[in-house]
Amino acid sequence: MPDVIKAVSGRTPPKYLYEPFSTDDFSQEPHTEAAYRAGLGAVRDKFGEGEDFDWRPHALESLYPKLGETMSALLGYMESGKLTARFRMIGVSDGDV
């Protein structure tokens, strides 16, 4: 997608929607915003955007359902005991988890 945007945008600001961009306003959640911006680093670079890039006009959905789905999967993984078993395989003791 970034290559297509660069090729067709010319001098005008491109109009597009991109699923990884979040519609959320993180202004009241500075830690979440900082983590989200850090995670966007590689994507921003591909689009040729700077650190202050406002992704929201190009966003499709909220980040929170994605986080909820991920946390739900992680919780199931932790409850299954597979996570602890995996840590043991790499040498992390139960007390460290």
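The values are calculated or read from the model by the stated rules, or taken from the named source; none is laboratory data. All values derive from a computational prediction rather than experimental measurement. Virtual Cβ from ideal backbone geometry, glycine too; neighbours counted across all protein chains shown. With ligands, DNA and RNA removed, areas are computed over all heavy atoms of the protein, side chains included. Shrake-Rupley method; radii C 1.70, N 1.55, O 1.52, S 1.80 Å.
Sorted largest first by accessible area at a 1.4 angstrom probe radius, with every protein chain in place, the residues Asp24, Asp3 fall in the order Asp3, Asp24. Report the FRET efficiency, 1/(1 + (r/R0)^6), for Glu29 and Met78, where r is their Cβ-Cβ distance and R0 is 30 Å, rounded to 0.05. Efficiency for this residue pair is about 0.75. Residues Lys15, Lys82, Lys66 ordered from highest to lowest accessible area at a 1.4 Å probe: Lys15, Lys82, Lys66. Quick one: net charge of Lys66's neighbours, Cβ under 11 Å, K/R +1, D/E -1? Surrounding charge for Lys66 is -4. Subtracting the Cα-Cα distance of Glu51 and Tyr36 from 0.36 nm times their residue separation leaves 4.2 nm of extension gain. The largest accessible area among Glu79, Glu61 belongs to the first residue in Glu79, Glu61, and the rest follow in falling order (1.4 Å probe, all chains).
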